[in-house]
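The structure under discussion appears below in the form of C-alpha cells.
The values are calculated or read from the model by the stated rules, or taken from the named source; none is laboratory data. Quick caveat, the model's predicted, so the values are computed rather than measured. Methodologically, a virtual Cβ is constructed for each residue, glycine included, from the backbone with ideal geometry; neighbour enumeration extends over all protein chains shown.
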Amino acid sequence: MTTPEDDLLPGTRRALRHRIAVAQSEGRAPSLAAAVVRGGRAVWHGARTSVDGHAPDEDTQYRIGSITKTFTAVLVMRLRDEGVLDLGDPLEKHLPGTGAGEATIADLLAHTGGLAAESPAPWWERTPGTLRPELSDVLGEKPLRHPVGRRFHYSNPGYTVLGALVERLRGAAWEAVLQQEVLEPLRLTRTGTRPRAPHAGGWAVHPWADVLLPEPAEDLGRMAPAGQLWSTTGDLARFAAFLTEGDDRVLSAGSLREMRTPAAPQEPADVAAGYAYGLGLELRRSGERLLVGHGGSLPGFVASLTLAVDDDVAAVVLANCTSGVPVAAVGADLVRIVADAEPRIPEPWRPLREVDPSVLELAGPWYWGTQGFGLRLTADGFASLEPLSGSGRRSRFRPNGDGTWTGLEGYYAGELLRPVRRDDGSVDHLDLGSFVFTRQPYDEQSAVPGGVDQEGWRGIERRP
C-alpha cells in the first residue's frame, strides 16, 4: 500500500527534512511543522520539536495570524461573484459611518485604502478584543494615514472592516459565515477561531538565552478577520490546493486568479524586493519563480503559506515562537526543493477537437509595423500572440463568440482583438486596441493607418 509521501523521491524527502531541521534548530523554535502539496493533495509532512516524543503532526493546531486575511478575502470575493457588491464600490455604500468610507472594497482588499497599519493602543495582538468592541475602537478618530488608493500600506484594521462588511451583507457573524461558506465545503475541520486539542502553545524565546516565556493567546474580538484563526498543516494543505485550483462550491478558479494578480501600487523598496500584493494574497519573486500566498504572525506563532502555481507545488510552515524562524524563506525553500528536484510533468499535448476555418485563418505571422508576431491557436480554445524575436508585448486572448477576442494579460489585458475582413471575407488585418497587424510589414494591400509610401521598400540611394 502506498502513501502520499511515496509520491516524492527519497532524496527529495530527505532534503525537505533537512531544511526544516535547520530552520527549527537555528530559529530555536519549540516546534515546527510543515507540509508540501502537489497535484492537489499533501505529499509530504514533517515536524521537529524540542520535546522528545511530542512532535506535532498534520492535525496539530497553530495560530496562523494574517493568513486569516486570505480567508476573509475569499468571503468578500464570494459576495462580488454573487453580485451583492462590486469591488469598485466605496465602503460607505454598504457600511456607512466608518470614517473610511471613501475607500473602495478593492482598496481594502489590496491594502490601498489609506488606513493605519494598526488599531489604536493598547497593542491589539496581546490584549483582549473586549477592549475594542466597536469598529470606531479599531479605526480610531482619524482612520486614514494616506490618500485613498495612492499607495500600498498594510492595514490590519482594513481587514477588520472587511469582516464587518461580510457580517452586514450576510446578516451573520464573520465566524459563522466563514464556517458555512469556506471551512465546511473545503473540509477544513481543524481550522477555527479558537484552539482545540491537540494544539501548540505559543512561546517567546529569549534573544540572548535559550529560555522560554509563554505568550498570551487572546481572543481578538473585532480584529478576528485580520488574524484570529488557528489551523493545521493538514487543513492549510487543502486550502493551498483550493487557492491553486478553485472549487466552484466556494470560489471559481477565475476569481482566484484575480486574487493572485497584483492590485496595489508598489513602493520602490517593494519593487526592488520583488514584492507585490493582490486581493488578499502576497506575491513574491524567488529567483525566476513567482510565489503567491500569505504570511502570518501573532505573539507565540509564525506561519507561512506559499504557492508556486506554475510548478504545482505549495508549502505550509508553522512554528510556535514569536520570532526567529524565517517561515516565508523556509516555505520558498520547500517549494524550490520539490520543484527543482522533481519538476512538474506537463500534460500530454492534444490537438483541438475542432476548429472553425475562419479562426484557423488567423494563425501564423503578423506584423505591427515592422515587428513580427506569431498568433497561435491552442487546445484550450484560446489564442496567444507573441513576438517572434522573443521580446515585446505578449498576451493570451479568449474568444468572445462573435469573432472578436479579449486580451487576458500584460499590455493587452482587456483589449479587443478584432479581425477586419475585406469584401470577399478574407482577413485584411487585425485591429488590436487600434493597432493594426498586417500579414507583411506595412502591407500595401492592407488598410495601414497613414498609408504606405507608393514607391515601396527600397535600398539606400547612392549619390555620385
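Among the residues of segment 135-147 satisfying the criterion of being in contact with a strand residue (DSSP E or B) (Cβ under 8 Å, 6 or more places away or on another chain) and assigned to a loop (DSSP other than H, G, I, E, B), which is surrounded by the fewest Cβ atoms within 10 Å (Cβ to Cβ)? Looking at residues that are in contact with a strand residue (DSSP E or B) (Cβ under 8 Å, 6 or more places away or on another chain) and assigned to a loop (DSSP other than H, G, I, E, B), I get Arg145.
Can you find, within segment 107-133, the residue that is modelled with the highest pLDDT among those that are over 15 Å from Pro147 (Cα atoms) and part of a helix (DSSP H, G or I)? Filtering segment 107-133 for residues that are over 15 Å from Pro147 (Cα atoms) and part of a helix (DSSP H, G or I), the one modelled with the highest pLDDT comes out as Leu109. Within segment 177-190, the residues that satisfy the criterion of being closer than 24 Å to Ser252 by Cβ, touching an Asp or Glu at 6+ places or on another chain (Cβ under 9 Å) and not polar (S, T, N, Q) are Val177, Leu183, Pro185, Leu186, Arg187, Leu188.
Within segment 404-428, being of a type in the set (S, T, N, Q), assigned to a loop (DSSP other than H, G, I, E, B) and under 39 Å from the mean Cα position of the chain (by Cα) holds for one residue alone: Thr404.
If I filter segment 259-268 for residues that are over 30 Å from Arg48 (Cα atoms), at pLDDT below 95, of a type in the set (D, E, K, R) and surrounded by fewer than 18 Cβ atoms within 10 Å (Cβ to Cβ), do I get at least one hit? Yes: one or more hits. Considering segment 257-287, the residues that are free of Cβ contacts under 8 Å to residues at least 60 places away in the same chain and assigned to a helix (DSSP H, G or I) include one that is nearest to Arg38 (Cα to Cα), namely Arg257. Residue count for segment 345-383, restricted to those that are of a type outside the set (Ser, Thr, Tyr), assigned to a loop (DSSP other than H, G, I, E, B) and out of contact with any strand residue (DSSP E or B) (no Cβ under 8 Å at 6 or more places or on another chain): 13. Among residues of segment 290-306 that are assigned by TED's automatic domain parsing to the domain that holds Ala328 and more than 14 Å from Phe239 (Cβ to Cβ), those with a Cβ under 9 angstrom from a residue that is assigned to a strand (DSSP E or B) and polar (S, T, N, Q), sequence gap 6+ or separate chain, pair up as Leu291/Thr306; Gly295/Ser304; Gly295/Thr306. Note on segment 80-113: residues that are in contact with a Leu (Cβ under 9 Å, 6 or more places away or on another chain) and within 26 Å of Gly140 (Cβ to Cβ) total 21.
Of all the criteria given as (1) farther than 30 Å from Ser255 by Cβ; (2) modelled with pLDDT under 95; (3) of a type in the set (Ser, Thr, Tyr), the one not satisfied by Thr378 is (1).
The single condition among (1) buried (at least 16 other Cβ atoms within 10 Å of the Cβ); (2) touching a Phe, Trp or Tyr at 6+ places or on another chain (Cβ under 8 Å) that Leu377 does not meet is (2). Looking only at residues in segment 11-63 that are part of a loop (DSSP other than H, G, I, E, B) and polar (S, T, N, Q), which one is modelled with the highest pLDDT? The extreme case among them is Thr60.
Taking the criterion of being farther than 12 Å from Gly364 by Cβ and either exposed (fewer than 12 other Cβ atoms within 10 Å of the Cβ) or under 34 Å from the mean Cα position of the chain (by Cα) (or both), the residues of segment 429-439 that qualify are Asp431, Leu432, Gly433, Ser434, Phe435.
Could you go through segment 118-128 and let me know if any residue there is surrounded by fewer than 22 Cβ atoms within 10 Å (Cβ to Cβ), under 14 Å from Val161 (Cβ atoms), among the aliphatic types (A, V, I, L, M) and out of contact with any Asp or Glu (no Cβ under 8 Å at 6 or more places or on another chain). No: zero hits.
Checked against the criterion of being buried (at least 18 other Cβ atoms within 10 Å of the Cβ) and at pLDDT below 90, the candidates Ser389, Ser446 yield just one match: Ser446. Among all positions in segment 337-354, there is at least one residue which is farther than 22 Å from Phe71 by Cα, touching a Ser or Thr at 6+ places or on another chain (Cβ under 8 Å) and surrounded by 21 or more Cβ atoms within 10 Å (Cβ to Cβ). The condition of being surrounded by fewer than 20 Cβ atoms within 10 Å (Cβ to Cβ), in contact with a helix residue (DSSP H, G or I) (Cβ under 8 Å, 6 or more places away or on another chain) and modelled with pLDDT of 95 or more holds for only one of Arg190, Arg168, Arg249, that being Arg168.
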